[in-house]
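A short write-up of the structure that comes next.
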Amino acid sequence: MSGTTQSPGERLKWADVWVLYQRELRCALRERAIVINSILIPVLLYPFLLWATLTGITYVTGQSEGFVCRVAVPRWPEGHPKLRLKLEHDSRFTIVELADLAAVTNQLRAGTLDGILEFNPATGAAAALPGNFVARITSDGLRERSSEALERLRDMVDQYRQEFVRREGRRRGISAAEWQVFTLQRENTATQKEMGAFILGLVAPVIFVVMVAMGCFYPAVDCTAGERERGTWETLMSSGPSRLSVVAAKYLYVTSVGGLAGMLNLVTIALTMKPVFGPLLARTGKTLETGIPLAALPVALVAAVLLAGFIGAGMMLFAVFARTFKEGQAMITPFYMVTLVPVMFLQVPGLTLTHGLALIPIVNVTLMVREALSGTYHWPQMGVAVLASLAFMVVVIRMATGLLAVEDLIAGSHNGSLLNYFRGKFQRQPSPKSQP
Amino acid sequence: MIPPIRVQQLSKTFQDEGRGEVHAVRDVSFECAAGEIFGLLGANGAGKTTTLRILSTILKPTSGSASVMGHDVQAAPGEVRCRLGFSSATTALYPRLTARETIDFFARINGFPADKVKARVEHLIERFGIGDYANARVEKLSQGMKQKVALARTVAHDPPVLIFDEPTVGLDVLNAVEMQKVIAEFRAEGKAIIFSTHIMSEAEKLCDRIAIMHGGRIHACDTLAGLRAATGEHYLENIFIKSVTAASTPQ
Ligand SMILES: Nc1ncnc2c1ncn2[C@@H]1O[C@H](COP(=O)(O)OP(=O)(O)OP(=O)(O)O)[C@@H](O)[C@H]1O
Ligand SMILES: [Mg+2]
């Protein structure tokens with residue numbers, strides 16, 4: 001690297017790191033923006049976000065469960081008055097009187113009708129049974145309400161069919177058991193259990209990553225670009241500690257604030273899950289079946305630190321090129337967005353922490369948290385994830401130290417971003433390389 | 001004996017995107033002894049700050065060498081930094097620290113013996129009359145108070161070498177005079193001091209030797225009496241103009 005001031009005297013000194021770290025932290029705790037973003041928001045905003053999500057979900061599902069399906073029946077089948085009665089008395093349906101099939105189809109498309117139930121005479125061998133029919137249900141699969149109508153109509157007709165078969169069988173002296181070779185009993189229990197799993201498996205990890213990233217954001221800008229803007233950068237750079245010590249202290253600072261945000265966030269989930277969301281779910285007739293396993297907390301806390309270590313490192317690398325706080329924010333924001341991309345992977349159903357995934361930053365740690373929350377522990381893969389994260393952190397500290405040794409960055413004459421920096425470096429003839 | 005500050009054939013060339021190569025410092029050599037104030041006198045862009053930044057290891061020389069208390073700025077930058085106090089318009093204080101915390105912090109990171117830091121901090125607070133606002137945050141202090149805290153932090157670790165880059169810029173007359181007084185006291189304590197300025201009267205009053213710097217070069221370097229004798233001018237202003245124009249005419 002050109003222009004480095006690395007030398008044998010530039011070693012890491014933990015005593016210096018400690019003094020520098022204390023200074024960073026002390027100033028941070030006196031900075032309102034940092035306290036709000038790194039401590040208050042993860043604690044207070046978190047339950048609110050979850051509550052909002054949940055309320056949204058229960059509202060939407062409640063809507064599709066509570067509404068009445070508007071159904072058109074162009075022609076009733078001969079000899080089945082009971083079917084008609086059954087449909088008419090079912091409060092989940094209203095029957096729309098429309099004779100013209102074309103008009104009915106148009107209404108279905110327009111969304112003013114949810115389903116069409118047609119009865120046609122049976123054909124072929126099936127026609128031998130008097131009164132037999134073929135029921136045909138038309139729905140618009142793109143609309144939630146119409147899909148719901150399809151389900152309900154199908155259930156209803158199926159139920160009627162079974163009653164009919166039993167009745168006919170009795171009349172002909174055949175027991176129902178002989179008729180019914182196969183029966184299918186369906187019950188939808190997914191909504192109950194999955195509500196808890198959904199919160200823990202998807203919403204919680206996403207918010208967790210967002211909180212850690214937010215926790216890292218301000219400290220990362222503050223201790224690099226912010227320091228330059230305040231004019232303390234040169235004071236620090238002309239003071240005793242080696243560049244490596246300075247970077248290590250700053251990195252420790254960013255990671256611990258980000259990690260703290262993550263931990264507070266997790267502890268808040270653990271504490272608020274039952275008291276806040278239990279009643280909310282109970283009102284909708286659902287129960288929160290998955291509680292937070294307390295055993296998961298240590299794993300999750302380690303994950304918080306690792307995640308902060310990765311995100312903080314990335315943010316510092318970008319912010320170190322900025323001259324002002326504003327510039328720093330602008331440079332970090334794209335990275336901030338990128339950190340949220342791996343979280344989208346979590347939407348893939350059945351994703352588990354494999355050795356391969358354990359090597360991918362953010363994904364590994366987030367999966368670790370998710371599995372721990374659901375009580376699963378893949379210890380070897382978790383080990384890999386931890387090692388991969390630590391290795392990454394070492395690399396980043398080295399890189400950041402190298403960058404800080406570039407005098408352009410210290411003197412602040414550098415104009416622009418990471419990209420500009422490397423462009424300038426490669427276009428120009430690089431000065432002779434000094435020791436690594 | 002190597003003098004506390006020694007600069008030999010120092011050059012610094014910047015690669016500036018707009019201007020191309022900028023020769024900020026060219027072949028500059030000087031020394032500064034203990035108990036001496038060495039003045040760097042030059043107009044804007046003369047290369048004073050660049051020279052002093054190299055001395056404080058913020059920049060690396062393109063060629064030549066510089067040492068502080070016998071430690072080379074490139075070979076042992078950490079050693080150099082612990083032995084000097086660097087103060088300039090661009091070395092601000094941490095606004096969220098109190099005055100006391102500031103002095104304590106800089107004493108510690110510059111390697112002042114940990115067990116003596118407390119006593120040192122109290123000594124400096126008393127010496128600079130900071131006591132009344134020692135526990136107030138720096139951001140809340142007036143310019144004059146900040147200046148005192150900045151002085152205290154510069155000497156927090158009791159360094160043998162002090163570098164002041166235009167320290168009186170932006171200060172009112174009273175504060176500027178106070179600053180000069182304190183720097184003279186440091187000299188009396190035996191510190192080797194480099195003092196850069198573009199204000200003639202300041203250099204005249206304070207400096208034991210003056211280097212006239214222009215366009216990255218030192219054109220003349222002597223005591224005020226020596227400069228007067230060499231140029232036949234009495235006022236430093238005229239000496240400065242004469243030295244600078246004399247050097248640039250032949251080119
Ligand atoms: N980082 C840099 N990149 C490019 N050019 C620079 C850089 N730093 C300084 N220069 C240029 O080097 C020259 C010397 O600047 P320097 O700051 O050392 O002068 P100075 O004597 O301190 O002036 P002033 O009285 O304005 O502080 C100037 O032309 C300046 O523009
Ligand atoms: Mg200057």
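Conditions (1) assigned to a helix (DSSP H, G or I); (2) modelled with pLDDT under 85; (3) on the phi > 0 side of the Ramachandran plot, marked per residue:
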{"residue": "A:PRO342", "(1), (2), (3)": "yes, yes, no"}
{"residue": "A:PRO349", "(1), (2), (3)": "no, yes, no"}
{"residue": "A:VAL386", "(1), (2), (3)": "yes, no, no"}
{"residue": "A:THR401", "(1), (2), (3)": "yes, yes, no"}
{"residue": "A:LEU409", "(1), (2), (3)": "yes, yes, no"}
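Looking at the structure I just gave you, is B:GLY78 over 16 Å from the mean Cα position of the chain (by Cα), free of Cβ contacts under 8 Å to residues at least 24 places away in the same chain, away from ligand 1 (no atom under 16 Å from the Cβ) and not in a strand (DSSP E or B)? Yes: the conditions hold for B:GLY78. Candidates in the stretch B:201-226 are the residues that are outside any strand (DSSP E or B) and within 16 Å of ligand 2 (Cβ to nearest atom); of these, the one that is farthest from B:ASP165 (Cα to Cα) is B:GLY215. When we screen B:ILE163, B:ILE210, B:ILE193 for residues that are at pLDDT 95 or above, in contact with a Leu (Cβ under 6 Å, 6 or more places away or on another chain), more than 28 Å from A:GLY240 (Cα to Cα) and buried (at least 16 other Cβ atoms within 10 Å of the Cβ), the only hit is B:ILE210.
From the residues in the stretch B:156-194 that are of a type outside the set (D, E, K, R) and within 13 Å of ligand 1 (Cβ to nearest atom), which one is farthest from the other protein chains (Cβ to nearest Cβ)? Per the stated criteria, the residue is B:THR168. Only residues that are polar (S, T, N, Q) and either more than 10 Å from chain A (Cβ to nearest Cβ) or more than 18 Å from A:THR235 (Cβ to Cβ) (or both): list them for the stretch B:99-135, please. Residue satisfying the conditions is B:ASN135 alone. Looking across the stretch B:28-61, the residues that are within 7 Å of ligand 1 (Cβ to nearest atom) and facing chain A (nearest Cβ under 10 Å) come down to B:THR49, B:THR50.
Residues in the stretch B:28-73 that are assigned to a loop (DSSP other than H, G, I, E, B) and more than 16 Å from ligand 2 (Cβ to nearest atom): B:ALA33, B:ALA34, B:GLY35, B:THR57, B:LYS60, B:PRO61, B:THR62, B:MET69, B:GLY70, B:VAL73.
For the stretch A:107-153, filtered to residues that are in contact with a helix residue (DSSP H, G or I) (Cβ under 6 Å, 6 or more places away or on another chain) and in a strand (DSSP E or B), the residue that is farthest from A:THR94 (Cα to Cα) is A:ALA135.
Of the helices (runs of 4 or more DSSP H) lying entirely inside the stretch A:180-255, those carrying at least 3 residues that are modelled with pLDDT under 90 and away from every other protein chain (no Cβ under 14 Å) are A:190-198, A:204-221.
The values are calculated or read from the model by the stated rules, or taken from the named source; none is laboratory data. Quantities reported herein were computed from a predicted structural model and do not represent experimental measurements. Cβ coordinates were reconstructed from backbone atoms using ideal geometry, including for glycine residues, and neighbour counts include every protein chain displayed.
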